[in-house]
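Have a look at the structure below, then the notes.
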Amino acid sequence: MSNKTKSAKKGFWGRAKESAGQQQALAKREKAKKQAKVTETSPPVPSVPHLPVEKTQEEKRKLHKEGIIKTVVPALLGTAVGFFCFYSLGDGTDFPWFSIMVFVIIISYYAQRLVYPLIGLDLKEFGKKDWFYVEFMAVIFWLVIWTLLLNPPL
């Protein structure tokens, strides 16, 4: 029997399994060839453990001071925006909540971009994680202050 008649009798799934098996075998052979080529041409690289870099007392103080500033500035900004929203928007039912939150995020981002250089922090050192942290802090403080102000005292 020829290959054509065998594959015609197998059906779709049988041919698909056979083709997948052939592709996997071919991929394994190619991977083995690449690994053999790499081990033949490159000398072994000694593994060097990565030791943490010790920071001086001055660097530690500077990082601690920057961390405090990165926490206090968004907290004050979020608190100010919370009071602003309470006195200008009241309970905020005139606008969709999402638009108010986007407005707060945009305003706090640009306010912080203006404030940090005045305080002496370098914006070039801010990574994505730092910006996410300060924005999260500002939004959380805004939300908590506005919520507390909207709840009447007992």
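The values are calculated or read from the model by the stated rules, or taken from the named source; none is laboratory data. A quick note: this is a predicted structure, and the numbers were derived from the prediction, not measured. FYI the Cβ positions are ideal-geometry reconstructions off the backbone, even for glycines, and counts take in every protein chain you see.
So the values come out like this:
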read-out: Among residues of the range 74-99, those that are among the small types (Gly, Ala, Ser) and either within 26 Å of residue 121 (Cα to Cα) or in contact with a Gly (Cβ under 6 Å, 6 or more places away or on another chain) (or both), counted; value: 4
read-out: Residue match in the range 70-90 (condition: touching an Asp or Glu at 6+ places or on another chain (Cβ under 8 Å) and either in a helix (DSSP H, G or I) or basic (Lys, Arg) (or both)); value: yes
read-out: Leading residue by the ranking (surrounded by the fewest Cβ atoms within 10 Å (Cβ to Cβ)) among those in the range 100-154 that are small (Gly, Ala, Ser) and touching a Gly at 6+ places or on another chain (Cβ under 9 Å); value: 108
read-out: Single match in 40, 58 (criterion: assigned to a helix (DSSP H, G or I), modelled with pLDDT of 85 or more and either loosely packed, with under 10 Cβ neighbours inside 10 Å or hydroxyl-bearing (Ser, Thr, Tyr) (or both)); value: 58
